[in-house]
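The values are calculated or read from the model by the stated rules, or taken from the named source; none is laboratory data. In this text, all values refer to a predicted model and were calculated from it rather than measured experimentally. Every residue, glycine as well, gets a Cβ built from its backbone with ideal geometry; the counts of neighbours run over all protein chains shown. Protein only, heavy atoms only, side chains kept; ligands, DNA and RNA dropped before computing areas. Shrake-Rupley method; radii C 1.70, N 1.55, O 1.52, S 1.80 Å.
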Amino acid sequence: MSFSSHYSILLVAVPLAFAALCPIVGMWKRELCFPFSVAGAAAACFFIFSLWGKVISKGVVSYTPGGWKPPLGIQIRIDYVGLFMASIIGAVGLAVLVYSWRYVSRELDAEKIPYYYTLYMLLFASMLGFVVTGDIFNMFVFMEIFSISSYALVAITGQRRAVRAAFKYLLMGATSSVMVLLGIAFLYSTVGSLNMEDIAGRLAMGGYTSVASIALVLFLIGFAVKAALFPVHIWLPDAHSIAPSPISAVLSALVIKMGVLGILRIFFTVYTPGFAGIEGTWTALLQAIAWCAAISIVLASIMAIIQRDFKVMIAYSSIAHIGYILLGICMLTDKGLTGGLYNILAHALGKGCFFLVAGIIIYKHDLRRITSLRGLGRSMPVTAGAFAVASLSIVGLPPSAGFIAKWYILWGCLQKQHYVFMVMVLLGSLLSAIYCFRVVYYMFFVGSHSAEIDEGPATMIVPAASFAAATLFFGIFATLVLPSLSSAAQALLAG
Amino acid sequence: MRKAIMLLALAGIGVMLIYAVGEMPPMGDSGNPDKTHVAPRYLEHGEEEAGASNVVTAVILNYRGYDTMGEVAVIFCALCAVVAVLGREKTGLSRTHMDVSRVKASVVVRTTVRFLVPVIIFFAIYIILHGEETPGGGFQGGAIIGASIILFTLAFGLPESTRKIPLKSRVPLESFAVIAFLAAGFTGILFGANFLTYIMPGLSEHAAETIRQVMMMVIEIGIGFAGGIIFTSIMFAMIREDKYELQPDSS
């Protein structure tokens, strides 16, 4: 067995090892924590991107820790969707880690810094573990790690507001975890297995369909809270706006997408489409998600418009984008699914950039109100420029990644002739143009700041600017990603 | 209004759960799906395949060892969360309620604790090491170790406890469980098998069996000690919150 066959486990185990060693390194020399965790994240990125060749040639890469055959042991199963998500986590996670160096060394107490990096690496490793696993209980275990570490990272400054926001997040998150765990328990009692594919096979044999459909409802509630879908989104605006900016970026770009991936895995891999006995519940629930998603798009966009705080506005916009992603998925056509998945990438880059820009502005000037951003286009041209470019993607204008994503989502709605949803997607885009371009207007066209250039540190500017550049890159060269995403969509629809 | 919606949602979920429990396979029936698929294999072959006569240990450490590695990381993550939000204990600057209390723990309590703690720790070590054959194992033993140190702290106060188990020795021990698990995992890769494989290929049966026993033992001990120390550290971090100014000793 060659060493490269172990990449699928190493991409989880190596960052986890770096996380476990980080406090010890921090006890020895505190400044070493940052380069140490960057090394861990970079190693994970290497393993992730090396796997693409194998997944493209084989479709699915399977690995069994301990060597036990799937229903007996745990299976790591990397398919297109999993590796696509893992690549986003790797790239965004590494860039934000670099960004956070200057930010946390000023914002946090020195003794907390090693634990910041430890929790960050735990979050990073567990999200990777979550997306590559093929076992529902293993998925739950990793979900717990990334949930607990994100609660802690929201509260890490120790300010009263931050602890309150984190506590609200904890209450909702813990409830949703219980729902998922109950779902797993009910499902296990009816099929006696935890492996996703094995469950799908045994569910098809029939029996106890009512328990299995209730388990499906519980899974949906649980993952919907993690994804912050309307009406269980209420924890998100507080947690995402009060957290330290690099953490806001990771929460918005990556952590809420884990809820989406959970829904994808449960609805398409465990309970495959068109199953006898559960079909009615399955279709009804997807309809419900589609409506909730559509309401999310419009409602959250309106909420974003009426905000005065820059970061709260960006946080509301995330709820709207989760709506686009789930709406695309619920169309159940290959175009819609491709659009939904592409929006995961587009939103991760665009929203990541937004929060990083907000972080730079807070770091330099401690400004949070939108009206106070006037004239920043002159004194911080790169930062404000990155925001302007990323807002093209968030609104969905060509030539950005967001445009491709929305185009495919609309195409998906058209295939199923859901004209109401099309109107809502377009209305949402229009509303997002209002809230994004209002900020751009204040930055560039209302001037009062001095014209002297006063940019943030390079380690903060480069990640933000490269996210903005990436939204354009993936808008122009969308054909690099689209073929794998449409094979992912077809694989999901085939069950 | 808000309360009414909440009650309605709760009632809905409650009714749904009760209905689901009613529809579940009959409890204890040997023909149930969960007793006819993977469970029989664990019960019949667990001892020879996985190397632990306690089938629960065989499942936790071997068949689903990767999950247990995640669970250990959850415990480690909980400690990091507590320390990141509250900070480590600060001895010397402040004292806890217990330390400034007029009513000190009496001699009887202190003496009893001093006699009990070693016995409890000894029992915990037994639970950890005997986990392969009898109910018990690292998690349970770790909880007992943690409880014994907490008992000691309650009787003797935080400064005495942190002097006995200083921060410097606690930090490496806290990560020890995750590191032990990962080390066992990487050993498997080094020998050319999969991650977390206990039986190494290409060795004689006797050597492979010995390596498996040693690896399982190291993991159990790692979970036990790390678990105990993590409980202790969480408690130390929380005690500090009960802050009292250091008062001049009037007595």
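Computed about its Cα centre, the charge dipole of chain A is approximately 540 debye, with only Lys, Arg, Asp and Glu carrying charge at their Cβ. Taking amide H as placed 1.01 Å from N in the peptide plane, the amide H of A:G192 sits under 5 Å from that of B:D34, each at least 5 places away or on another chain.
Quick check: net charge around B:A208, other residues with Cβ under 15 Å of its Cβ, Lys/Arg +1 and Asp/Glu -1? Intermediate results must be reported in sequence, preceding the final value.
On the way: positive: B:R212; negative: B:E48, B:E49, B:E205, B:E209.
With Lys, Arg at +1 and Asp, Glu at -1, the neighbours total -3.
Going by the alpha-carbon gyration tensor, a ≥ b ≥ c the square roots of its eigenvalues, is the protein assembly as shown rounded (a/c under 1.5) or, if a/c is not under 1.5, prolate (a/b greater than b/c) versus oblate? It comes out oblate by the Cα gyration axes. So which residue, out of B:V218, B:V74, B:V107, gets the largest mean-square fluctuation from a GNM of chain B using Cα contacts under 10 Å as springs? Between B:V218, B:V74, B:V107, it is B:V107 that shows the largest mean-square fluctuation. Comparing Cα centroids, the stretch B:31-86 and the stretch A:178-245 end up 21 angstrom apart.
Assuming charge only on the beta carbon of Lys and Arg (+1) and of Asp and Glu (-1), the dipole of the stretch A:278-495 about its Cα centre is about 320 debye to the nearest 20. Lys and Arg at +1, Asp and Glu at -1: add these up for the other residues within a Cβ distance under 11 Å of A:T118 and post the number. Residues close to A:T118 contribute a combined charge of 0. When each full DSSP H helix of chain B is screened for a Cα extent of at least 18 Å along its own axis and an average Kyte-Doolittle hydropathy of at least -0.5, the helices passing are B:2-23, B:65-86, B:107-129, B:138-156, B:167-190, B:205-239. For the stretch B:53-239, the Cβ-based charge dipole about the Cα centre amounts to some 1080 debye (Lys, Arg positive; Asp, Glu negative; other atoms uncharged).
Restricting to lysines 8 or more places apart or on different chains, can you count the pairs in the stretch A:278-495 with Cα atoms under 19 Å from each other? Close lysine pairs found across the stretch A:278-495: 6. Cα centroid separation, the stretch A:404-441 to the stretch B:146-212: 53 Å. When the stretch A:371-495 is described by a simple charge dipole with +1 on each Lys and Arg Cβ and -1 on each Asp and Glu Cβ, the residue from A:S372, A:V420, A:F474 located farthest towards its positive end is A:V420. Would you please state which residues of the stretch A:173-210 a label at B:D29 would reach in this model, taking the label point 7 Å out along Cα→Cβ and a backbone N cut-off of under 13 Å? Residues passing the 13 Å test: A:190-191, A:207-209.
Bridging of B:K35 to lysines at a Cα separation below 28 Å is possible for A:K69, once same-chain residues fewer than 8 apart are set aside.
Comparing mean-square fluctuations of B:I128, B:I229, B:I75 from a GNM of chain B with C-alpha springs under 10 Å, the top value falls on B:I75. The residue list A:V163, A:I404, A:A91 was ranked by how far each Cα lies along the charge dipole of chain A toward its positive end, using unit charges on Cβ atoms, and A:V163 comes out on top. Of the solvent-accessible surface of the protein assembly as shown, computed with a 1.4 Å probe over protein heavy atoms with every protein chain present, carbon and sulfur atoms account for 68 percent. Helices meeting the span-like rule in chain A (full DSSP H runs, Cα extent of at least 27 Å along the helix axis, mean Kyte-Doolittle score of 0.5 or higher): A:7-28, A:80-107, A:113-132, A:136-155, A:160-191, A:279-305, A:310-330, A:334-365, A:419-445. Taking a sphere under 14 Å around the Cβ of B:L43 and counting the other residues whose Cβ falls inside, with K and R at +1 and D and E at -1, yields a net charge of -3. Counting only residues at least eight positions apart within a chain, or on another chain, the lysines with an alpha carbon under 24 Å from that of B:K3 are A:K168, A:K226.
Dipole orientation for chain A: of the candidates A:Q490, A:A388, A:I263, A:A388 has the Cα lying most toward the positive pole (charges on Cβ; Lys, Arg +1; Asp, Glu -1). Per residue of A:141-153, other chain Cβ atoms within 10 Å of the residue Cβ number 5 on average. Straight Cα distances below 25 angstrom link B:K164 to the lysines A:K29, A:K112, B:K90, B:K104, B:K243, with same-chain residues fewer than 8 positions distant left out.
The residues of the stretch A:63-210 expose, per residue, 29 Å² of accessible area to a 1.4 Å probe.
Computed with a 1.4 Å probe over protein heavy atoms only, the accessible surface of chain B comes to 52 Å² per residue.
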